[in-house]
Structures are given as C-alpha cells and as structure tokens.
1. Restricting attention to the range 239-253, and to residues there that are over 22 Å from ASN115 (Cβ atoms) and open to solvent by 60 Å² or more (accessible area, probe 1.4 Å), which single residue is farthest from the chain's Cα centre (by Cα)?
2. Six or more apart or on different chains, Cβ atoms under 7 Å: show the pairs whose first residue is in the range 179-202 and charged (D, E, K, R) and whose second is at pLDDT below 65 and not in a loop (DSSP other than H, G, I, E, B).
3. Go through (1) surrounded by 20 or more Cβ atoms within 10 Å (Cβ to Cβ); (2) under 18 Å from the mean Cα position of the chain (by Cα); (3) not small (Gly, Ala, Ser) one by one and return the number of the condition THR122 breaks.
4. Within the range 90-106, is even one residue modelled with pLDDT of 95 or more, open to solvent by 30 Å² or more (accessible area, probe 1.4 Å) and within 24 Å of ASP210 (Cα to Cα)?
5. Can you name every residue in the range 52-65 that is in a helix (DSSP H, G or I) and over 21 Å from LYS160 (Cβ atoms)?
6. Would you point out the residue of the range 41-66, among those that are of a type in the set (Gly, Ala, Ser) and touching a Gly at 6+ places or on another chain (Cβ under 8 Å), that is most open to solvent (accessible area, probe 1.4 Å)?
7. Please list, ordered by residue number, the strands (runs of 3 or more DSSP E) wholly in the range 89-166 having 2 or more residues that are within 30 Å of ALA264 (Cβ to Cβ) and in contact (Cβ under 8 Å) with a residue 40 or more places away in the chain.
Amino acid sequence: MNFTAEFNQSEMKKYLIVFLMTILMGCGGTKTDNKIEEVKMGPPKTEHHSASITKVFEAHGGFGNWSEMKQLSYDMSNGQHHLIELQSRYTRIESENDTTGFDGNEVWMMPATANASRARMTYNLYFYFYAFPFVVGDQGVIYEDVEPMNILGTIYNGVKVSYESGVGESSKDNYIIYSDPETNKMAWLMYTATFGGEEASDRWSLIKYDQWQTINGITIPKSLQWYQYTDGEVGGMRNEVLFENVKLSKEVPSMDNFKMPEGAQVAPKG
C-alpha cells in the first residue's frame, strides 16, 4: 500500500474543499456589497380578487397586464420627478433641493433633513394614490362590497379595501374605491390614513379621479384632485396634482438609481 499517495490525495481533497469554500464566500460577499439587483416576479396571484375589484382592474387594462410592467416614471406639478421599479417598488424621488430613495430596505435622503422620521411612512404616498386601482391588487388585501354612494349627484359602486394584519407599513389603513356603474372605471377614492399608528382612523379623505390616459394598455390618471369631505358632506376641491411625462413600460430601470449614495441620511424605522 502506497501511504504517500493516499496522504497526497487526502491533502489535495482538503485543499480543494478550502479553495472552493473561499470562492463561494467571496461570491457571497460580492452580492451583498451594496448592490441592488432586479427582482424576478412570477405570475401574479389573483385568487383573492373579488368579482367587483376584478371589474375595476379590467376597466383600467387588467391586473395581469399591469403586473408585467417594470417601471413607472412621471413629473408632478409640485416639481418632483418620480421613478419606481414596479416589481419591488424601489423608488427614487428627485426635487430641486433634495433626493429621496428606497433601496428595498432603507429609505434614504440626500441631503439630510429634519423630517427624516416621517419619510419612511410618506415617501411613496403620491405613487400609492397614483397607481390605484392596481396598487391594491397584491396578496394580503381584503375586498368587501359596500353600498353604492351618491357623490355630487351621481351614484357609484363601492368596494372597500383593507389589509391583513402586518401587511405593508400601515395595515390599519382603509380605502373605498367608488367606480362608475357603467364603465367600472374609478371615479373617487375614500381613504383613512394612520401613518403607521396603532389605531385605525375614522377620519375619511376624498380624492377624485376623472382625467385618464392610456399607456401600454394601462389606464392611469392625469391628475388627482383632493376634495373637502366632512361628516359625509362633499365640499369643493382643495388641491390638485398633475402628472406629466408619464412613462410606463416593461423595461427594467437601472438599479443604480435606487442605491443609497455615500453620506445619505437613513430614515429611522418606526
């Protein structure tokens, strides 16, 4: 028996294992080195969609079509430019004086701001309202038909939207989508906002959706109009935000857009 040959083979196996482990550890380090990668999503889950909300989705182009889109960008009349990677909701918001981003884990701001504590809860509010109705098509959402409502002389069908506990940043928020009974398109959105608070709110706000544009088969707003609403009474319009230069496509944006820059401030988690 050749002990030298056996020893050499044994040592070679050990060296090979160590060498392979070193390579694997090195590869793992590269993946987590502040690098943001595209998230691959499978077919959308729609089994939880109710018949009523499905009609609304179809009136706006279909949830399946929306789920194939990879990026949304637009300019707002308040001077902001938004870029959203739709599969994971990575976000970049640029204005004249600052930039805010979400890299999949942290909300960051550049330069630092005294309002950082609220940024995590509020950075994506405009996107959320703008992307209705599709933004409430995800799993963990609960739908309930409610009584039709007369708003400024017109009767609209209603679907209440709530969330399973722990879903999203504000699972106690509630929404009611009011849609045209003939076209099934959204006309109004009622909502409560807790901004991550422990208790659900009973104070409702109201947004009007009546100007639309169709891009790549998806019908999305041209404007959002906030209306006065108190004790069931609808007042006049109190604010309007316009959306221009809208881009909605299946093209994946560069992930570098969302990476936290050196020196950025991180929004504290609630």
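The values are calculated or read from the model by the stated rules, or taken from the named source; none is laboratory data. The shown structure was predicted, so the numbers you read here are calculated from the model rather than taken from an experiment. Cβ: placed from backbone, ideal geometry, glycine included. Neighbour counts: every protein chain shown. The area values use the complete protein model at the heavy-atom level, side chains included, leaving out ligands, DNA and RNA. Shrake-Rupley method; radii C 1.70, N 1.55, O 1.52, S 1.80 Å.
1. Going through the qualifying residues, I end up with GLU240.
2. Correct list of pairs: empty, since none qualify.
3. (1)
4. The answer is no; no qualifying residue exists.
5. Answer for the range 52-65, where residues must be in a helix (DSSP H, G or I) and over 21 Å from LYS160 (Cβ atoms): GLY64, ASN65.
6. Among those residues, the one meeting the criterion is GLY61.
7. Those strands (runs of 3 or more DSSP E) span 90-94, 99-102, 107-110.
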